[in-house]
Amino acid sequence: MDLFAALGERIQRDFAGKHAELPQAYFWGEDAAERLAETLKQDLGARRVLVFSDRRTRQAGERCFAALGRAGLEVNECPIPDRSEGRSPVCDDETKERLARGLPRADVFVAVGAGVVNDLTKWLGAEASTPYVAYATAASMNGYTAANVAPSIKGVKSLFRAHAPRALAADPRVVASAPFALTSSGLGDVIAKPVSTADWKMNQLLFGEGYSESVAAVINDVEPRYLDHAAALARGEEPAIRALFDALVFSGCAMTLQGSSLPASGGEHLISHTLDMLAHVDGVEHDLHGRQVGVGTIVAAALYAEVLALEKPAFQPEGAPFDEKLWKGIAGAVKVEHDKKRERMVEACRKLAEPGRWESLRAELRPLLRSPLSIQRCLREAGAAHRFSDLGCTRERFLTALQHGAAIRGRFTSLDLAWATGVLPGAAERIVDEWVAG
């Protein structure tokens, strides 16, 4: 599939100069591995490839390894080791530095896996000025086609731009056989779109951030094929899984075209990132990113519902607090982002207090949003995480993530709007108990 063509005429018109930034091919089918190998040889001119996988994705990607060998490519492997006690690897600076030592030469890197494997390969490829391709083993996240890398650096969730893969391949048999927690993570990641789009639009209205109607609409056509058939995802039916995977692919393309994560990442993602960072400072595990995002999306949608119901709020620029004791060893890095946010909060509250600005903002954002009930219902029917307990998370920890999530990133989101209008912190416990407890 030509992704640029698949994204529609509006994208082709509005982003004509960015075609080369997207993957040049997207293969879905039982012959995906063979077509990827052919692309490596014929289109990318590769003779020698370096394949990254962990012990789980190595097995899931066996068809890819076999296809690369049959194509006559010289295949070297770079196994991504587990952490201690058999825990899955993570995408952080320590893991990347270990892998970077003594990498064999290659014409192209190949990521065989999902989120962590893809991000590490993308990161290493950018540093080595080596193109990469991806063979997906799960419909678990929207980063496959994104140029962004989202690692933890010294315990702080970060984001920087690298390059999207030159090609992406996915075998429906492999994707459908992935652990369901991974598929439900993908649903959680992409179900955030209405909330993240509203956050993106809000940044345009308040701060003049670039916003594209065509990019915001890239997954509109495919959304009903999985949102309206959530139970089919739980049953592993291929049409629903294909629709979900397509949405993840298109969502990643949206970020690449826009040059930002804004089209797919808002306040709901900050809740997930905060849970990750709290787990890091406390030395405990956290759940999959997309599963956390899904629960965060319910809460962010509930915040929007309460905030936009306010007729004449009194805008308050104080915002989320900075708690040095909470953040421990990463407090300095969080403080930098918190200080950026304070400047944004002051500017936002000043603009929101202008005559007619609040009414206009409400009118612009409401059509973009879904109700928290519809998001909760979809996740529940799909068998996905929809309560904080599904994440192995206590009520106290989730409340902490909600109340402090706005402090970790300079970007203005639904969390900040809730602080600015006085919905937070007062409504935090009630919203959590009403929507994601149980």
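The values are calculated or read from the model by the stated rules, or taken from the named source; none is laboratory data. Bear in mind that the values here come from a model prediction, so they are computed numbers and not experimental data. Backbone-built Cβ (ideal geometry, glycine too); neighbour counts: all protein chains shown.
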**Asked** Has the range 50-57 got any residue that is in contact with a helix residue (DSSP H, G or I) (Cβ under 7 Å, 6 or more places away or on another chain) and surrounded by fewer than 19 Cβ atoms within 10 Å (Cβ to Cβ)?
**Response** no
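Do the conditions hold for Ser261, that is, is it part of a helix (DSSP H, G or I), within 14 Å of the chain's Cα centre (by Cα) and either crowded, with 24+ Cβ neighbours inside 10 Å or not β-branched (Val, Ile, Thr) (or both)?
Working: part of a helix (DSSP H, G or I): no; within 14 Å of the chain's Cα centre (by Cα): yes; either crowded, with 24+ Cβ neighbours inside 10 Å or not β-branched (Val, Ile, Thr) (or both): yes.
Taking the combined requirement at face value, the residue does not satisfy it.
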**Message:** I'd like to check something: does the range 81-93 contain any residue that is surrounded by 17 or more Cβ atoms within 10 Å (Cβ to Cβ) and more than 18 Å from His273 (Cα to Cα)?
**Reply:** no
**Prompt:** Is it the case that Leu310 is at pLDDT 95 or above, of a type outside the set (S, T, N, Q) and not in a helix (DSSP H, G or I)?
**Reply:** yes
**Prompt:** Counting only residues that are in contact with a helix residue (DSSP H, G or I) (Cβ under 8 Å, 6 or more places away or on another chain) and of a type outside the set (A, V, I, L, M, F, W, C), which one in the range 30-46 is farthest from Gly69 (Cα to Cα)?
**Reply:** Glu30
**Complete:** Quick count over the range 354-396, residues being in a loop (DSSP other than H, G, I, E, B), charged (D, E, K, R) and either free of Cβ contacts under 8 Å to residues at least 40 places away in the same chain or surrounded by fewer than 14 Cβ atoms within 10 Å (Cβ to Cβ) (or both), is 1
**Prompt:** Hey, which of the helices (runs of 4 or more DSSP H) in the range 40-130, taking only ones fully inside, have at least 3 residues that are out of contact with any Leu (no Cβ under 7 Å at 6 or more places or on another chain), modelled with pLDDT of 95 or more and more than 18 Å from Asp171 (Cα to Cα)?
**Reply:** 93-100, 115-128
**Complete:** Taking the range 32-43 and keeping residues surrounded by 15 or more Cβ atoms within 10 Å (Cβ to Cβ) and either under 14 Å from Val218 (Cα atoms) or free of Cβ contacts under 8 Å to residues at least 24 places away in the same chain (or both) leaves none
**Fill in**
Given (1) buried (at least 22 other Cβ atoms within 10 Å of the Cβ); (2) over 27 Å from Met277 (Cβ atoms); (3) without any contact (Cβ under 8 Å) to a residue 60 or more places away in the chain, Ala128 misses just (1)
**Fill in**
Scanning the range 5-29 residue by residue, the ones that are of a type outside the set (Asp, Glu), in contact with a helix residue (DSSP H, G or I) (Cβ under 6 Å, 6 or more places away or on another chain) and farther than 19 Å from Ala136 by Cβ total 5
